[in-house]
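Below is one structure, written out as C-alpha cells; comments come after it.
Please treat every number below as a calculation from the coordinates, not as lab data. These numbers were taken from a predicted model, which means no experiment stands behind them. Note that we place each Cβ from the backbone using ideal geometry, even for glycine, and neighbour counts take in every protein chain shown.
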Amino acid sequence: MPYKNKEDRIKWHKNYRDTTEYRRDQAISKRKKIAAMKLEVFTHYGNKCAHCGFSDIRALQMDHIDGNGMKDRKENGMGCSHMRYSKVLKDRTLLEKFQLLCANCNWIKRAENKEHKALKYT
C-alpha cells in the first residue's frame, strides 16, 4: 500500500474499489471459487454422466433425480448453480437428491419424464 497514514490508506482503498480493475479482480476471484466448488461436487459423482458415462466436464450438469428442480429451487433458494454447489457442499445429505448427467441425457430425461411445461416432444 502506498500510504502509511490510516486516513490516506482508507481513501486509497475506497478509490481502488471504485475502479474497473478491482471489479475485474473480484469477478475473476468469484469465478475461480465457483469452479473449485463445481469440481469438488462433480468429483463426488465421479466426473461422468450417470447414464452414458460421458466425461467432458464442460457438458456435465447437476440433475434432480426426482425431477422436482423448480420446487426445490423455490423452497431452498438454490437458484444459481454456485448457490447450489455451496449448499450441497455444506449439507452433504443433499448429494442424494442429485445426479450428474451430460446435457444430452439431461434433456432427454426431461422430455421423457415431461419435467418441463414447454417441452412437447413426446
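Over 18 Å between Cα atoms, which of LYS48/LYS109; LYS87/LYS114; LYS33/LYS87; LYS33/LYS74 qualify? List each step's numbers first, then the result.
Details: LYS48/LYS109 16 Å; LYS87/LYS114 27 Å; LYS33/LYS87 14 Å; LYS33/LYS74 24 Å.
Listed pairs above 18 Å: LYS87/LYS114; LYS33/LYS74.
If one takes the longest principal axis of the Cα atoms in the chain, at what angle in degrees, from 0 to 90 and to the nearest 10, does the Cα axis of helix 20-44 lie?
The answer is roughly 30 degrees.
Among 100-111, 85-96, 34-45, how do they line up from the highest to the lowest mean number of other beta-carbon atoms within 10 Å?
100-111, 34-45, 85-96
Pulled fully out, how much extra length does the chain show between ALA35 and ARG73, if you take 0.36 nm times their separation in residues and subtract their Cα-Cα distance? Walk me through the numbers before you get to the answer.
Numbers: separation 38, 0.36 × 38 = 13.68 nm, distance 2.05 nm.
Extending this stretch completely gives an extra 11.6 nm.
At 222 nm, what helix-only mean residue ellipticity would the chain give, in deg cm²/dmol to the nearest 500, using -39500 (n - 2.57) for each DSSP H run of four or more?
-17000 deg cm²/dmol
With Cβ to Cβ distances under 10 Å as the rule, what net charge do the other residues near LEU94 carry (K, R +1; D, E -1)?
Taking every Cβ under 10 Å from that of LEU94, the sum is +2.
Which angle from 0 to 90°, rounded to the nearest 10, does the C-alpha axis of helix 6-17 make with the longest principal axis of the chain?
40
Relative to the longest principal Cα axis of the chain, at what angle does helix 103-112 sit, 0 to 90 degrees, rounded to 10?
50
How big is the charge dipole of the chain about its Cα centre, in debye rounded to the nearest 20, if each Lys and Arg gets +1 on its Cβ and each Asp and Glu gets -1 on its Cβ?
For this selection, approximately 480 debye.
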